[in-house]
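See structure below.
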């Protein structure tokens, strides 16, 4: 167990951030899953910019890597184009 006040504070902060990051990552995965389940091309095209925005926010927050974001956006775009 940590003995310094700064180390105890760091443990508290890390736990808060871990839960915060888990929430945003899980929410994004759910939205991506729902997006992939769409059948209507018009609806998918309307939601695609929202998905881009969400993925970019995850990168800015440091929750996912920028290359993973690029792969996700590419795959989602390909899915919409294939519809």
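What follows is calculated from the coordinates using simple rules that are stated; it is not laboratory data. Everything numeric here is computed off the predicted structure, so don't read it as measured data. Positions of Cβ are backbone-derived with ideal geometry, glycine not excepted, and every protein chain shown enters the neighbour counts.
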Inset, instruction - Per DSSP H run of at least 4 residues, take -39500 (n - 2.57); add these up for the chain, divide by its residues and hand me the 222 nm value, nearest 500 deg cm²/dmol. - result: -29500 deg cm²/dmol
Inset, instruction - Could you order peptides 17-30, 64-77 by the average number of other Cβ atoms within 10 Å of their residues, highest first? - result: 64-77, 17-30
Inset, instruction - Using all C-alpha to C-alpha distances in the chain, build P(r) with 5 Å bins and read off the rounded percent in each one. - result: 3, 13, 21, 18, 13, 9, 7, 5, 4, 3, 2, 1
Legend entry - Between 0 and 90°, nearest 10: helix 66-82 axis offset from the chain longest Cα axis: 20 degrees
Inset, instruction - With a cut-off of 17 Å, note down the residues of region 1-28 whose backbone N falls inside the zone around a label point 7 Å from the Cα of residue 50 toward its beta carbon. - result: 27-28
Inset, instruction - Can you tell me the FRET efficiency between residue 75 and residue 27 if r is taken as the Cβ-Cβ distance and R0 is 22 Å, rounded to the nearest 0.05? - result: 0.70
Legend entry - Relative contact order %, the chain, counting alpha carbon pairs below 8 Å whose residues are six or more apart: 30 percent
Legend entry - Cβ-based exposure ranking for 83, 1, in which fewest neighbours within 10 Å come first: 1, 83
Legend entry - Distance between modelled label sites at residue 41 and residue 4, nm, 7 Å Cα→Cβ extension: 6.1 nm
